[in-house]
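K.L.:
Can you read through this structure? Questions will come right after.
The values are calculated or read from the model by the stated rules, or taken from the named source; none is laboratory data. Owing to the predicted nature of the structure, the values given are computational and were not obtained by experimental measurement. Ideal geometry is used to build each Cβ from the backbone, glycine not excepted, and the neighbour counts take in all protein chains shown. Quick note on the areas: whole protein, heavy atoms, side chains included, nothing else; ligands and nucleic acids left out. Shrake-Rupley method; radii C 1.70, N 1.55, O 1.52, S 1.80 Å.
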Amino acid sequence: MSSHVEISQYDPQWVKEYSYERTKIAETLGDISMGIEHIGSTSVPGLGAKAIIDIMVGVEDLARVQSEHRERLLRIQYEYVHKPDFPERAFFRRGEWGVGTHHLHIYKYQGEHWVNHLLFRNYLKTHPESLSGYDALKKELVQQFKYDRQAYTEAKGPFIRQVIKQAKLEKFKKEE
């Protein structure tokens, strides 16, 4: 089992992999899913990433994600991972701990976390300077926190929050 952080060059195959998984997840959660999105670094062309496909499903209410849905997701190899520190989402992993290949995040559809993930992804896709800044930051942090995934993730937080803040400002200005 490997739990070190490794950043791969962008791979267009990630989009194909997302599309394949999206179809399976849509069939599995069709009764509660209100939207499915490719998020995280693998969803941004040109951005280096841990080669983990992050998929976000939006539901009306997280309480609707019952054991029946967990069992259905397990049939397509997504294991529920209890994360009490993150009550705003239900989290599923495909693959072994530390070497998972896919992460499935279920959030309230159009809720704060749903919106923030999309704002961040879309901002990076349309702002090359932020994309290259994030890419450089990730490469720097992987050297510093290669064997500490949690510290690596936490260290990216200020940059991510700043981009989301900027994306919200831009969106607000466009809506005026």
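K.L.:
Determine whether His102 is more than 20 Å from Asp11 (Cα to Cα) and under 13 Å from the mean Cα position of the chain (by Cα).
P.N.:
no
Residue-by-condition table, conditions (1) basic (Lys, Arg); (2) out of contact with any Lys or Arg (no Cβ under 9 Å at 6 or more places or on another chain); (3) not in a helix (DSSP H, G or I):
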| position | (1), (2), (3) |
| --- | --- |
| Tyr80 | no, no, yes |
| Phe86 | no, yes, yes |
| His113 | no, no, no |
| Asn122 | no, yes, no |
| Ser130 | no, yes, no |
| Asp135 | no, yes, no |
| Lys146 | yes, yes, yes |
| Tyr152 | no, no, no |
| Ile164 | no, yes, no |
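K.L.:
Within the stretch 144-167, track down each residue that is surrounded by fewer than 11 Cβ atoms within 10 Å (Cβ to Cβ) and either in contact with a Phe, Trp or Tyr (Cβ under 8 Å, 6 or more places away or on another chain) or of a type in the set (S, T, N, Q) (or both).
P.N.:
Gln150
K.L.:
Give the residues of the stretch 4-58 that are among the β-branched types (Val, Ile, Thr) and more than 18 Å from Tyr80 (Cβ to Cβ), sorted by residue number.
P.N.:
Val5, Ile7, Val15, Thr23, Ile39, Thr42, Val44, listed by residue number.
K.L.:
Let me ask you something else. Scan the stretch 11-22 for residues that are open to solvent by 50 Å² or more (accessible area, probe 1.4 Å) and within 20 Å of Tyr107 (Cβ to Cβ) and report the count.
P.N.:
Counting residues in the stretch 11-22 that are open to solvent by 50 Å² or more (accessible area, probe 1.4 Å) and within 20 Å of Tyr107 (Cβ to Cβ) gives 1.
K.L.:
Still on this model: Does Glu27 satisfy being of a type in the set (Asp, Glu), closer than 25 Å to Lys168 by Cβ and at pLDDT 95 or above? Talk me through it step by step, then tell me what you get.
P.N.:
On the way: of a type in the set (Asp, Glu): yes; closer than 25 Å to Lys168 by Cβ: no; at pLDDT 95 or above: yes.
In short, no.
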